[in-house]
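First comes the structure, then the notes that go with it.
The values are calculated or read from the model by the stated rules, or taken from the named source; none is laboratory data. Since the model is a prediction, treat every value here as computed from it, not as a measurement. We place every Cβ from the backbone using ideal geometry, glycine too, and count neighbours over all the protein chains shown.
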Amino acid sequence: MNDNVKHRNINAPELQLEKKAMTLDKTISEIERVPVGEQVARQLLALVQNGSLEPGQKLPPERELSTMLKVSRPSLREALRALSLLGVLNIRQGGGVYVSALDPESLLAPLHFFVSLNDKNLDDLFEARLVIEAENARIAAEKISDEDIARLKKCVDFEAHELNDQDKFIQSDVEFHNIINQSVDNAFLNRFATSLHILGKASREITGHIPGVIEQSLKDHEAIVAAIDARDGEAAAKAMKTHLVNVREALKRGQLQS
Ligand SMILES: [Zn+2]
């Protein structure tokens, strides 16, 4: 036995294999615990990953899909909703579910995070957003086009009228941040921003429903637009930071209550 131990070093191939087997066991037991909706979501994701469903492709009708995947329609709907939150699918108004045009790799990356969306990684997400989005706002103040400033103003107007509709507000909030992040014409920052955008959709499902968040966010957005419109990078970064700290604080209050 001692001999055996002596020959084993951390890089020994058999040990690596054992490690893999352990990870696999863990993954299988995790899958067994996941709800049906999420299992369906994983099946659909696998179809996107292996290319059976291509970016931009329209999904078969719900009835056909539920037969294909052998699940009830409510479970299927739950899965479609989860995947649309993640940005994997687009559910278009007036019918039709489409695979998002994003590449499968960046679509799949946030899945693990989404599955284990808890207090700790939600806080991590805000920390990352603080770092990246504040700087993006600073750069946006210099680079953003006048058309995109007009789009930002439109978002804020829309939000002012939709204070009582949380879902519409969340949609607009996602768009607002996306316009700023995408205006930063930098391949790496754009990629970070896309990940944050997808994850942000999931986190807003939680934060958007905490009392007071919407009203404060509207005020924050107004301050951000004013700074960007004045082409004041320093003020834009500061306003974005304040906004994200406000949402984060509200989130902590919400967690304490629940
Ligand atoms: Zn916001």
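Observations on the model:
- Contact map, the stretch 220-235: first residue closer than 11 Å to residue 140 by Cβ, second residue within 14 Å of the ligand (Cβ to nearest atom) and not hydrophobic (A, V, I, L, M, F, W, C), Cβ cut-off under 8 Å, separation 6 or more or different chains; pairs are 224/243.
- Scanning the stretch 164-188 for residues that are buried (at least 17 other Cβ atoms within 10 Å of the Cβ), within 18 Å of residue 87 (Cα to Cα) and more than 12 Å from the ligand (Cβ to nearest atom) gives a single hit, 182.
- Exclusive hit being within 16 Å of the ligand (Cβ to nearest atom), exposed (fewer than 15 other Cβ atoms within 10 Å of the Cβ) and modelled with pLDDT of 85 or more, set 249, 147: 249
- Of all residues in the stretch 134-166, exactly one satisfies the criterion of being touching a Gly at 6+ places or on another chain (Cβ under 8 Å) and over 14 Å from residue 228 (Cβ atoms), namely 166.
- Tallying residues that are buried (at least 16 other Cβ atoms within 10 Å of the Cβ), away from the ligand (no atom under 12 Å from the Cβ) and of a type in the set (Lys, Arg) within the stretch 118-142 yields 1.
- Among the residues of the stretch 221-241, those that are among the acidic types (Asp, Glu) and within 14 Å of residue 154 (Cβ to Cβ) comprise 222, 229.
- Meets criteria (assigned by TED's automatic domain parsing to the domain that holds residue 92, under 22 Å from residue 99 (Cα atoms) and either assigned to a helix (DSSP H, G or I) or modelled with pLDDT of 75 or more (or both)) for residue 16: no
- Residue identified as at pLDDT below 95 and either within 13 Å of the ligand (Cβ to nearest atom) or in contact with a Gly (Cβ under 7 Å, 6 or more places away or on another chain) (or both) among 224, 214: 214
- Where a residue in the stretch 180-205 is more than 24 Å from residue 251 (Cβ to Cβ) and its partner, wherever it lies, is at pLDDT 70 or above and basic (Lys, Arg), with Cβ under 7 Å and at least six apart: 183/143; 184/143; 185/143
- Any chance residue 233 is in contact with a helix residue (DSSP H, G or I) (Cβ under 8 Å, 6 or more places away or on another chain) and either modelled with pLDDT of 80 or more or assigned by TED's automatic domain parsing to the domain that holds residue 80 (or both): yes
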